[in-house]
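Heads up: the structure comes next, in structure tokens.
The values are calculated or read from the model by the stated rules, or taken from the named source; none is laboratory data. Please read all numbers here as calculations on a predicted model, not as lab measurements. With ideal geometry, Cβ positions are generated from the backbone for all residues, glycine too; neighbour counts draw on all protein chains shown. In case anyone asks, the SASA skips ligands and DNA or RNA and just uses the protein heavy atoms, side chains included. Shrake-Rupley method; radii C 1.70, N 1.55, O 1.52, S 1.80 Å.
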Amino acid sequence: MKFQRQSNINTKRDAWVEINLDAVEKNILELKTFVKKGTKVLAVVKADAYGHGSNMITPTLIASGVDYLGVASIDEGMELRENKFKVPILVLGAAPVWAFDYAAQNDISVSMFLDNHIEAAELTFKKTGLKTKAHIKLDTGMNRIGVEKNKAVDFIKKVQQNKAIELQGIFTHFACAEVEEKTKEQIKIWDEILSQIDTKGLLLHCFNTAATIAQYDIKNYNMVRLGIALHGLIPDLPPFAKRIPDLTPVMSLKGRIINIHTAHKGEGVSYSHTYTAKCETQIATIPIGYADGVDRRLSNKIYGIIKGKKIPQIGNITMDQMMFDITGINANEGDVITLIGSDGDESISINEWADILNTINYELICRLKARLSRVYTR
């Protein structure tokens, strides 16, 4: 019996995600050309770095000159601290007040926008003697979290005067960075608030990835937040954006063929027989399915690449497996099929899947993490 495995990737399952760390470094350096000199860069590594693996991506981010890390929750920040990363960390989302002690003890900054956040910081200071490091979040139009604009100035001054809090920054988030008119409305509110307070020594950040690339004309900022573009994917941009960054996708999705067989004309493939062979068809099966984050609605609509040739996926995608038509291709068990990424002159982007599903690339890359091994390459 002969076992063969194309490529030297060694995982315990014949399906994996490859993460190209060289591409991460290249993307950061390219994006920095959109950032004015002296401006700090916060890398958003929430949701396990958008499914890319925050603990493995972070060393490359830091080595490439990132100043700050942004996470969604205190536990994400604590995981980074447990892995000995010492750069400043900001929880961009709402941290529960009972967790402020953990934030202070692990040198993690929280987003502050409610009076009970101030009270929680005072209690933490009383119990531990540690000040809560904080960035005040302003709601300038996102209507998600943040201090309302008519309460913002008083709230900021209250925090600045509180001895239990070390105020490090103020920030907001653009709801529609791809829409110039709406973003300018938020910028106007942002500028009005900041004009009424002392911002000396504070980090001011309102630019997300799209706004950074578009290079909106704004003076009140000294840090930008970069997320999706670090991984080689570009968000929606406003029409006036003059330059598009030359980015390299970081993530690839691959699986080895575990079975090859023939379906005869008229025979159905997979559950519900949503695909019927029109002629004698060679079918290759790989062990990737919807439990791995590949949406079942992509069935019969996507392609793979093998030996530099595109092949159609056929039949319903199942929980653990999917099938491809490899008719006319000299393929063997153990050969690699690329679902996302490049092989030879052919390539497939996660954006193609997003277009089919009428969603965004952010959502889909975050899904590919449930059971798939991650292999990091240079």
Completion exercise
Computed D for segment 93-247, Stokes-Einstein, Kirkwood radius over alpha-carbon pairs, 20 °C, 1.002 mPa s, to the nearest µm² per second, is 131 µm²/s
Fill in the blank from the handout: Projected onto the charge dipole of segment 192-315 (unit charges on the beta-carbon of Lys, Arg, Asp and Glu, signs +1, +1, -1, -1), the Cα from L204, A214, N300 with the largest positive-side position is that of N300
Completion exercise
Between E119 and N300, the two model label points (7 Å from Cα along the beta-carbon direction) sit apart by a distance in nm of 5.8 nm
Handout entry: lysines whose Cα lies under 28 Å from that of K242, excluding same-chain neighbours fewer than 8 positions away
Key = K26, K32, K36, K37, K40, K182, K184, K188, K219
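Calculate what fraction, in whole %, of the accessible area of segment 135-214 sits on carbon and sulfur atoms when a 1.4 Å probe is rolled over the protein chains.
The value for segment 135-214 is 44 percent carbon and sulfur by accessible area.
Please work out how much length the chain gains when fully extended from I356 to E267, using 0.36 nm per residue of separation minus the C-alpha to C-alpha distance, in nm with one decimal. Before the final figure, lay out each step's value.
Numbers: separation 89, 0.36 × 89 = 32.04 nm, distance 2.64 nm.
Result for the pair: 29.4 nm of gain on full extension.
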Problem - Charge dipole magnitude, Cβ of K and R +1, D and E -1 - segment 190-269, Cα centre, debye nearest 20 - result: 420 debye
Exercise for the section: Please work out which option in (1) 128; (2) 157; (3) 177 gives volume of the Cα convex hull per residue in Å³ calculated from these coordinates, and answer with its label. Expected result: (2)
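Please list K200, K84, K149, K157 in order of solvent-accessible area, largest first, computed with a 1.4 Å probe with all protein chains present. Show your work: numbers first, answer last.
On the way: K200 180, K84 160, K149 125, K157 85 Å².
Result of the area sort, largest leading: K200, K84, K149, K157.
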Fill in the blank from the handout: Rounded to the nearest 10 Å², the 1.4 Å probe accessible area of M251 is 20 Å²
Practice task
Could you give the size of the charge dipole of segment 173-212 about its Cα centre, using +1 on the Cβ of each K and R and -1 on the Cβ of each D and E, expressed in debye and rounded to the nearest 20?
Solution key: 120 debye
Problem - Given charges at Cβ of Lys, Arg, Asp, Glu: segment 200-320 dipole, positive-most of I244, Y290, G227 - result: I244
Problem - Between segment 175-209 and segment 139-165, the alpha-carbon center distance in angstrom - result: 14 Å
Handout entry: Modelled FRET efficiency - R0 22 Å, E181 with R144, Cβ distances, 0.05 increments
Key = 0.65
Exercise for the section: Based on the mean of other Cβ atoms within 10 Å per residue, sort peptides 284-294, 327-337 so the most packed one is first. Expected result: 284-294, 327-337
Problem - Sequence of R371, R13 from largest to smallest accessible area, 1.4 Å probe - result: R371, R13
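By how many nm would the segment from T33 to Q161 grow when fully extended, if each residue of separation counts as 0.36 nm and the alpha-carbon distance is taken off?
On the way: separation 128, 0.36 × 128 = 46.08 nm, distance 3.73 nm.
Once the chain is fully extended between T33 and Q161, it gains 42.3 nm.
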Practice task
Find out how many positive minus negative residues lie around N106, taking Lys and Arg as positive, Asp and Glu as negative, among other residues whose Cβ is under 14 Å from that of N106.
Solution key: -1
Fill in the blank from the handout: For H261 the rounded accessible area (nearest 10 Å², probe 1.4 Å, non-protein molecules ignored) is 80 Å²
Completion exercise
Expressed in nanometres to one decimal, the distance between label points 7 Å along Cα→Cβ at D75 and I258 is 3.0 nm
Exercise for the section: Find which of V35, N259, G344 sits farthest along the positive direction of the dipole of the chain, computed with +1 on the beta-carbon of Lys and Arg, -1 on that of Asp and Glu, about the Cα centre. Expected result: V35
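Using the crude model of +1 on Lys and Arg Cβ and -1 on Asp and Glu Cβ, and no other charge, please compute the dipole size for the chain relative to its Cα centre, in debye to 20. Write out the running numbers ahead of the final one.
Details: 47 positive and 44 negative charges, 128 e Å.
Dipole of the chain, to the nearest 20 debye: 620 debye.
Can you tell me the order of 219-225, 108-114 when each peptide is scored by its average per-residue count of other Cβ atoms within 10 angstrom, highest first?
Sorting 219-225, 108-114 by mean packing, highest first, produces 108-114, 219-225.
Tell me, what is the per residue accessible area of the chain in Å², probe radius 1.4 Å?
Details: 17790 Å² over 378 residues.
Here the residues of the chain average 47 Å² of exposed surface.
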Exercise for the section: Express the carbon and sulfur contribution to the solvent-accessible surface of segment 30-85 as a percent, rounded to the nearest whole number, probe 1.4 angstrom. Expected result: 52 percent
Completion exercise
One finds, for T274 and R371 with R0 = 22 angstrom and r their Cβ-Cβ distance, a FRET efficiency to the nearest 0.05 of 0.35
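In segment 307-378, carbon and sulfur make up what percent of the accessible area (probe 1.4 Å)?
On the way: 1470 of 3350 Å².
Within segment 307-378, the accessible surface is 44 percent carbon and sulfur.
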